[in-house]
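As structure tokens, the structure follows; a few thoughts come after it.
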Amino acid sequence: MIGFRFVDEHQAEYRVTDLCRVAGVCRSGFYAWRSRDLSARAVANVALLTEICEIHEQSRRTYGAPRVFGQLRRRGHQVGRHRVARLMRSNSLVGAHARRKWRRGNDRIVPAPDLLQRDFTAPRPDLRWVADISEFHCIDGKLYLAGIRDLCDHTLVGWSMGERQTTDLVVAALMMALGRRQPSNELVHHADHGCQYTSIEFTNRLADWGLAGSYGSVGDCFDNAAMEAFWATLKNEIRHIWGPIEKLTRSQLRTILFDYIEVFYNRSRHQRTLGDRTPAETYAASRAA
């Protein structure tokens with residue numbers, strides 16, 4: 001039932017076939033579910049949810065299930081507390097809590113499903129990009145690097161460095177990638193659930209360019225394995241060439257990262273998975289084909 005609702009809520013943005021695969025439901029089952037009449041219980045839940053939303057908004061979205069339940073009882077509703085909690089949870093209505101689990105509230109809502117499903121291949125450039133942020137410990141503090149990698153030619157098409165993990169960091173990497181490649185609206189941008197990538201500012205930038213966002217599951221590095229593998233390679237080879245990163249200053253590491261990405265990795269480093277060609281050579285061959 002939850003899977004069918006997920007498909008129904010997102011079918012305006014994505015194909016029903018893809019959504020059914022992501023939700024793990026049958027397409028014919030979805031159409032059968034959508035065409036049938038609502039049960040009396042479902043109709044009652046819709047009416048109850050309307051009142052729950054009203055109470056939640058009047059409390060400035062601070063009331064959790066216990067207090068919403070109390071207000072419903074005051075209004076004369078004979079309803080169970082677990083039913084109220086279930087309806088609020090399924091509609092992402094969260095009150096103000098001191099518990100760490102809920103502190104982020106609605107920021108944990110994912111703007112889009114996982115459109116890659118761990119398939120980190122692409123038949124041509126600028127069809128699938130993966131993105132992530134990596135952290136480096138230096139003598140004078142941390143340095144963060146946001147990167148975007150093309151899954152066809154493996155080029156790091158966009159990147160940005162900063163001393164804080166901000167939305168501006170990932171937006172700057174996206175702007176660099178878009179300025180270099182200027183992709184069509186077929187492009188899928190895949191990332192994890194980091195608040196930088198799920199922020200309104202970043203998702204609006206994707207929408208402005210007509211790009212599809214994609215997000216892996218929470219706390220699962222395998223859903224963004226292609227980017228994780230790149231970070232592992234970058235850090236291993238930087239240590240091999242320049243020594244321990246922890247002995248470098250942030251200024252020194254900025255110079256090293258620029259040299260590694262733009263001079264070495266994108267243009268000089270051959271990769272076996274690319275037929276022993278560099279990312280730049282692979283991209284040029286794809287453009288010429």
- Query: Of everything in region 133-179 that's within 17 Å of CYS195 (Cβ to Cβ) and assigned to a helix (DSSP H, G or I), which residue is most open to solvent (accessible area, probe 1.4 Å)?
  - Reply: ASP168
- Query: Given the conditions (1) open to solvent by 10 Å² or more (accessible area, probe 1.4 Å); (2) under 17 Å from VAL130 (Cβ atoms); (3) touching a strand residue (DSSP E or B) at 6+ places or on another chain (Cβ under 9 Å), which single one is not true for ALA207?
  - Reply: (2)
- Item | Residue satisfying condition, being closer than 17 Å to TRP129 by Cα and among the acidic types (Asp, Glu), within set GLU228, GLU246, GLU262 | GLU228
- Message: Only one of GLN252, GLN196, GLN271, GLN182 is among the polar types (S, T, N, Q) and loosely packed, with under 12 Cβ neighbours inside 10 Å. Can you tell me which?
- Response: GLN182
- Message: Residue pairs, Cβ under 9 Å, 6 or more apart or interchain, first in region 121-142 and farther than 18 Å from GLY213 by Cα, second assigned to a strand (DSSP E or B) and among the aromatic types (Phe, Trp, Tyr). List them.
- Response: SER134/TYR144; GLU135/TYR144; PHE136/TYR144; LYS142/PHE136
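Every residue, every condition in (1) basic (Lys, Arg); (2) at pLDDT 95 or above, yes or no:
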| residue | (1), (2) |
| --- | --- |
| ILE241 | no, no |
| LEU253 | no, yes |
| PHE258 | no, yes |
| TYR265 | no, no |
| ARG269 | yes, no |
| ARG272 | yes, no |
- Message: Please count how many residues of region 55-88 are open to solvent by less than 100 Å² (accessible area, probe 1.4 Å), within 20 Å of ARG41 (Cβ to Cβ) and not in a loop (DSSP other than H, G, I, E, B).
- Response: 9
- Residue list for region 91-111, filter: open to solvent by less than 70 Å² (accessible area, probe 1.4 Å) and either at pLDDT below 65 or in a helix (DSSP H, G or I) (or both): HIS97, GLY105
- Task: Kindly provide the set of residues from region 112-132 that are within 12 Å of the chain's Cα centre (by Cα) and open to solvent by 30 Å² or more (accessible area, probe 1.4 Å), ordered by number.
- Result: LEU115
- Mind telling me which of the residues TYR31, TYR14 ends up being in contact with a Pro (Cβ under 9 Å, 6 or more places away or on another chain) and either open to solvent by 40 Å² or more (accessible area, probe 1.4 Å) or at pLDDT 70 or above (or both)? TYR14
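The values are calculated or read from the model by the stated rules, or taken from the named source; none is laboratory data. Since the structure is predicted, the reported quantities are computational estimates derived from the model, not experimental observations. When we count neighbours, we look across all protein chains shown, and the Cβ atoms used for this are built from the backbone with ideal geometry, even at glycine. Just the protein is used for accessible areas: all its heavy atoms, side chains included, with ligands, DNA and RNA removed. Shrake-Rupley method; radii C 1.70, N 1.55, O 1.52, S 1.80 Å.
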